[in-house]
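We did not get these values from a lab; they are worked out from the coordinates using the rules stated. Here the structure is a predicted model, which means the values were calculated and not measured. Every residue, glycine among them, receives a Cβ derived from its backbone with ideal geometry; neighbour counts consider all protein chains shown.
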Amino acid sequence: MCMREQLTIFLPENRIDELISIGKEKTIESSAYFIREGEIPTKIAFVISGLFRYVYIKDNGEEFTKGILTENNFLSSYSAMILKHPSHFFIEALETSKVLEINWLTYMLLVEKDIFWVKFLLKLVEKGYMIKEKRERDLLLLDAETRYKNFLTEFPGMEQRIKQGIVASYLGIQPETLSRIRKRMLF
């Protein structure tokens, strides 16, 4: 599927060129960062192909995967960007990925000219809020095995694309716990 077709999920046909015209298609290599912790972000991106994660990395190297983003999603460290504060997390490519990168100030020029782009942004923020709310609820209320089953449903085929340590980090469990859950589920 080409980028134009992918964007029809979010935009009417007559608006796609406006967004494409202010963006740049870029390739981000596996393990590279779209945004780094400590950086004040100035960009968002639409994922054309590939896979990303939002990850906190402690000084001792311990990782906490906040979110996983697949194709047809937008990336940003939104609160850091709008507050002009350093990002608290990294956005890492988990495989070589293609994005449409958009400068935030350039996007804001569209917003100032046309209410459509305000409504578009509101829909993206609402989607992000709903994902965040579900993620928090799952981590607080569900046991590890249920979270893993939900992960398999929400991200079909993802286990073949990412390391088990990242899956465990996303689930909020240790890799050994994930191994035990997977073994139990096989029987």
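Structure above, values below:
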item: Residues satisfying the stated conditions in the stretch 75-92, i.e. farther than 24 Å from LEU139 by Cβ, touching a residue at least 40 places away in the same chain (Cβ under 8 Å) and either surrounded by 19 or more Cβ atoms within 10 Å (Cβ to Cβ) or in contact with a helix residue (DSSP H, G or I) (Cβ under 9 Å, 6 or more places away or on another chain) (or both); result: MET81, HIS85, PRO86
item: Where a residue in the stretch 160-187 is over 18 Å from ARG135 (Cα atoms) and its partner, wherever it lies, is aliphatic (A, V, I, L, M) and surrounded by fewer than 18 Cβ atoms within 10 Å (Cβ to Cβ), with Cβ under 7 Å and at least six apart; result: THR177/ALA144; ILE181/ALA144
item: Residue list for the stretch 111-131, filter: touching a residue at least 40 places away in the same chain (Cβ under 8 Å) and either farther than 16 Å from PHE10 by Cα or among the hydroxyl-bearing types (Ser, Thr, Tyr) (or both); result: ILE131
item: Among (1) closer than 26 Å to SER49 by Cα; (2) in contact (Cβ under 8 Å) with a residue 12 or more places away in the chain, the one test that LEU152 misses; result: (2)
item: Among the residues listed as ASN72, ASN60, ASN14, the single one being polar (S, T, N, Q), closer than 30 Å to ARG147 by Cβ, free of Cβ contacts under 8 Å to residues at least 40 places away in the same chain and surrounded by fewer than 17 Cβ atoms within 10 Å (Cβ to Cβ); result: ASN60
item: Residues within the stretch 127-161 that are surrounded by fewer than 13 Cβ atoms within 10 Å (Cβ to Cβ), under 17 Å from the mean Cα position of the chain (by Cα) and hydrophobic (A, V, I, L, M, F, W, C), tallied; result: 1
item: Verdict on ILE35 being free of Cβ contacts under 8 Å to residues at least 24 places away in the same chain and in contact with a Ser or Thr (Cβ under 9 Å, 6 or more places away or on another chain); result: no
